[in-house]
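One structure is given here, and the rest of the page talks about it.
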Amino acid sequence: MIVCGDDGLAHRLAAELRGVYGEQVTLVVPPSGRRVRQPVVGRARAASAALLDRVVNAAVNRTGASGEPASNEQGVEAPEITEAVLTEVGADRAAALALVYDDDETNIRAALTARRLNPRLRLVLRLYNRRLGQHIEELLDQTAAVASGDGQGAGLDVSTTVLSDADTAAPALAATALVGTSKVVQAEGLVLHALERQPPRPGEVADPGLCTLALLSATSNDPAGADGSEGSGEQGPQLLPDEAAVAAATGRGTVVLEQVSYSGPPLPAGRGGVPPFASLFSRRLRWSLAGLVACVLALAVGLVIVTGEHPLYATYVTLLDLFGINDPAFHESTARQVLQLLSGLVGLLLLPVLLAAVLEALGTFRSASALRKPPRGLGGHVVLLGLGKIGTRVLTRLRELDIPVVCVESDPDARGMATARRLRVPVVLGDVTQEGVLEAAKIHRAHALLALTSADTTNLEASLYARSVRPDLRVVLRLYDDDFATAVYRTLRAAHPFALTRSRSVSHLAAPAFAGAMMGRQILGAIPVERRVLLFAEVGVAGHPQLEGRTVGEAFRAGAWRVLALNTSPPGRRRSEGESGVEDSAPASGLVWDLPPTYVLGAGDRVVLAATRRGLAELLGRRRRERTGA
């Protein structure tokens, strides 16, 4: 296995392949001076840079207890991926190659070179542009089929999978901040909601949903407990438990699978391209117009009393006096003349008000495509920090679920600014570490804070400040380092035991999906269970003795895998995701969810299963050993 990259995802992926799947891994990284560093600001610069250096050095120069390099990992430094570099690392005889550079063009160029060098190589690409990724995937698969020479490229153990770490992590990050939905998988036609439920009270029976995916850690309510720490042992989260374990787990929360639509707060009025009428004029201007209308009505009533004319005629005459186009009342009564003078005075006041209204309305239409400010009285919204790759995808997911969002970004030219303008999402420009920025985002009335900048210390500083303003605020931090995340979690839980705090790592969420794709399986998505990950994959039953010829009940292995659905769609059908993030080619009706436990899995069946990383590795490893005769 070969992994090429320049940031944290490459190191996470190499560790995943090495530790979970037991694969021989060659890690190709740029020279130290050319590695991509996370953009940091202010006081976070030195800390974040040092943190990334430690991670890079640990991954490339990892040593065992004896001080010797790890036997199943090699590190190679190369400024760029050329044919010579690929030949040096053995791409012509490797089983899979992952290209996870932060730049799409670099990954595409290297993939074309690798496919030409080894048509049988399994490729996994990291691309942010989803539409381009679909075309590249089809092109590389077609190239492999043509290079086979006999037109049977589909029969080769070859595939090209294009993934995005942003798309893989965005549903989980967005769902963590929501009420009623804690985990979401939305990929390849599969839309799942995994709901995190608190332990049932005495006498209550918990609704198991479609199935119970996991038991939360027993220390989840203990401020000293670790959120999913691998060192929690039996007290840690338990993935894919059997019925006996669920029944015996008193006092533990659960994660259950549900197929329900989100029923959250509605979008604010005026989501479309035309702003609502009330937003065209300021509050002061609206009160001024209302006062002038009241004056006109009062003058019209006075004219009816003085002259005895019909109210409509009196109103018409008042308007003529108001705009100065009526004849002077020379021979009228004194009261009529006074009313005419007052009408003229009101007309003088009306002209600047009308001019201000026209200018305000024009300015509103001109700024309809510009950044919006958080409206007055906004509450119950999500404050999203950072509009980079990850923040942009999370923003799109939140708006698809009709969740009110206020974004905070320091760079006016950030990637997600165009998306925020298109979705008409309020944006506060400023450094989140500066006083007053979070207040401008209405953090004191927010429901949740999503700190998704690329600097761990910036996210932590913003979260701590938000906690000081709102102690019960739901906080979700994007943190890379596991030890750092565990320490932060424990401290925040101890300081705020009644507030919900979660730490999420994008590379931690995305690495299992990339590793699974390198092993030759179509990973549909990943759901985080505290600091662990549960994978959803589509697997062909043929060749798997643990599945083939067994019933659904017999195929279930607690803590390893569980069959969820049968895929009845044509096997050759390729699925794709549109710009909205919702699959647009394969209908969800191709998945049969209500499989009875007595259903026998045949060799021609394809199933969707939930599996732990080690469980999926066992399935893949046994299949590979049987195929190679090892």
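Key figures
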{"read-out": "Top-ranked residue of the range 130-145 - restricted to ones that are touching a residue at least 12 places away in the same chain (Cβ under 8 Å) and open to solvent by 70 Å² or more (accessible area, probe 1.4 Å), ranked as nearest to Asp167 (Cα to Cα)", "value": "Arg131"}
{"read-out": "Top-ranked residue of the range 59-98 - restricted to ones that are small (Gly, Ala, Ser) and at pLDDT 90 or above, ranked as most open to solvent (accessible area, probe 1.4 Å)", "value": "Ala84"}
{"read-out": "Residues of the range 396-411 satisfying the condition of being at pLDDT 85 or above and open to solvent by 50 Å² or more (accessible area, probe 1.4 Å)", "value": "Ser410, Asp411"}
{"read-out": "Candidates Tyr101, Tyr128, filtered to the one that is under 18 Å from Ala515 (Cβ atoms) and either at pLDDT below 90 or assigned to a loop (DSSP other than H, G, I, E, B) (or both)", "value": "Tyr101"}
{"read-out": "Of all residues making up the range 462-492, the number that are open to solvent by less than 30 Å² (accessible area, probe 1.4 Å) and at pLDDT 80 or above", "value": "9"}
{"read-out": "Contacts under 8 angstrom Cβ, first residue in the range 1-21 being more than 20 Å from Ala111 (Cβ to Cβ) and small (Gly, Ala, Ser), partner part of a helix (DSSP H, G or I) and modelled with pLDDT under 90, 6 or more apart", "value": "Gly8/Leu52; Gly8/Val55; Gly8/Ser507; Ala15/Ala59; Ala15/Ala511"}
{"read-out": "Subset of the range 522-562 (residues that are at pLDDT 85 or above, in a strand (DSSP E or B) and open to solvent by 40 Å² or more (accessible area, probe 1.4 Å))", "value": "Arg557, Arg562"}
{"read-out": "Number of positions in the range 360-390 that are at pLDDT 75 or above, open to solvent by 20 Å² or more (accessible area, probe 1.4 Å) and of a type in the set (A, V, I, L, M, F, W, C)", "value": "1"}
{"read-out": "Residues (touching a residue at least 40 places away in the same chain (Cβ under 8 Å), open to solvent by less than 20 Å² (accessible area, probe 1.4 Å) and within 27 Å of the chain's Cα centre (by Cα)) located in the range 99-121", "value": "Leu99, Val100, Tyr101, Ala111"}
{"read-out": "When residues of the range 412-430 are limited to those that are charged (D, E, K, R) and in contact with a strand residue (DSSP E or B) (Cβ under 9 Å, 6 or more places away or on another chain), the one most open to solvent (accessible area, probe 1.4 Å)", "value": "Arg421"}
{"read-out": "Single condition Leu190 does not satisfy, out of (1) closer than 25 Å to Met518 by Cα; (2) surrounded by 17 or more Cβ atoms within 10 Å (Cβ to Cβ); (3) modelled with pLDDT of 60 or more", "value": "(3)"}
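The values are calculated or read from the model by the stated rules, or taken from the named source; none is laboratory data. Source: prediction; values computed, not measured. Note that we place each Cβ from the backbone using ideal geometry, even for glycine, and neighbour counts take in every protein chain shown. Note: areas computed on protein heavy atoms with side chains; ligands, DNA, RNA excluded. Shrake-Rupley method; radii C 1.70, N 1.55, O 1.52, S 1.80 Å.
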